[in-house]
Each structure stands twice: as C-alpha cells, then as structure tokens.
1. Using helices alone, what [θ] at 222 nm do you get for the chain, with -39,500 (n - 2.57) per DSSP H run of 4 or more residues, divided over all residues and rounded to the nearest 500?
2. Restricting things to alpha carbons, find the Rg to Rh ratio for the stretch 17-71 using the Kirkwood radius for Rh.
3. Under the definition of Cα pairs under 8 Å and six or more residues apart, what whole-number percent is the relative contact order of the stretch 1-122?
4. Which translational diffusion coefficient, to the nearest whole µm²/s, is obtained for the stretch 8-110 from the Stokes-Einstein equation, given a Kirkwood hydrodynamic radius over C-alpha pairs, 25 °C and 0.890 mPa s?
5. I'd like the orientation of helix 47-66 relative to the chain: the angle between its Cα long axis and the longest Cα principal axis, in ° from 0 to 90, rounded to 10.
6. Take the alpha carbon gyration tensor of the stretch 63-109, find the square roots of its eigenvalues, order them as a ≥ b ≥ c, and report rounded if a/c is under 1.5; if not, report prolate when a/b exceeds b/c, else oblate.
C-alpha cells in the first residue's frame, strides 16, 4: 500500500486559513496541491500568547525536518524566524501570495522533500522467496 502523505507542510498565517470574504483561501489551495498545514498564531495575539505557540510550531518543524519533510511559509508571522532559530531550523522559503495563481506557482517549484525522494527508492512490494 502506498503512503499518500506528501511530506510537504506549509506554515500558514491565520489570514490564509481564515480569509475574509473575497480573499485568498490558502487552506483550500494547499489541500488541493497535497500540502499539509500548520496554522500560525493570529497576528492579533499578544506576544506573550504567540511566543509559546510559535515555540511549539518550531519544535514540530524541527522534528519533521529531521524526518525529511519539506516546509514553506505562506504569509508572515512576527517571531516565527526567531522561534525556528532557537531549535536550529532556518526559515523556509516564504511567499505572501496576492493570488491563487501566485501560490500555485510557488508550490509547484518547491523541491521534492528528502522523505519522499527516499520513499521513491523503496521497492513497492517485497519479492517472494
């Protein structure tokens, strides 16, 4: 059985997860493209609330990075780069898309995550003895 995970995760600003009417629905675009999502804290959260939430996101990113997942950032969130740096992870490629086409093009050029590349090298089934 093939694993359907894409090993691709987008760290997504709240405004793309909960868009205002008429704004870009990043969540729908990412799901259609096969990307997983980690929602970043809303910009309206005070720093003392957002900081520990960003630290938890950073810990998850560090763990998944060690396992070969690929990451991007959709939107912006103050404090994200600092939280990632504390766990030794660089800020992934980032986009603040103005349109669905711009986001789609950005996602299409992302490299194949190492976990997915390694999975492609695995045999589909074991040979019978």
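1. On the way: 6 runs with 54 residues, N = 129.
Result for the chain: -12000 deg cm²/dmol, rounded to the nearest 500.
2. Values: Rg = 13.4 Å, Rh = 13.0 Å.
For the stretch 17-71, the value is 1.03.
3. On the way: 166 pairs, mean separation 36.0, N = 122.
Once divided by the residue count of the stretch 1-122, the mean separation gives 30 percent.
4. Numbers: Rh = 13.8 Å.
Here the translational diffusion coefficient equals 178 µm²/s.
5. 10 degrees
6. Working: a/c = 3.90, a/b = 1.53, b/c = 2.55.
Note, shape of the stretch 63-109 comes out oblate.
Every number in this text was worked out from the coordinates using simple rules, so none of it is lab data. On a predicted model such as this, the values are computed, not experimentally measured, just so you know.
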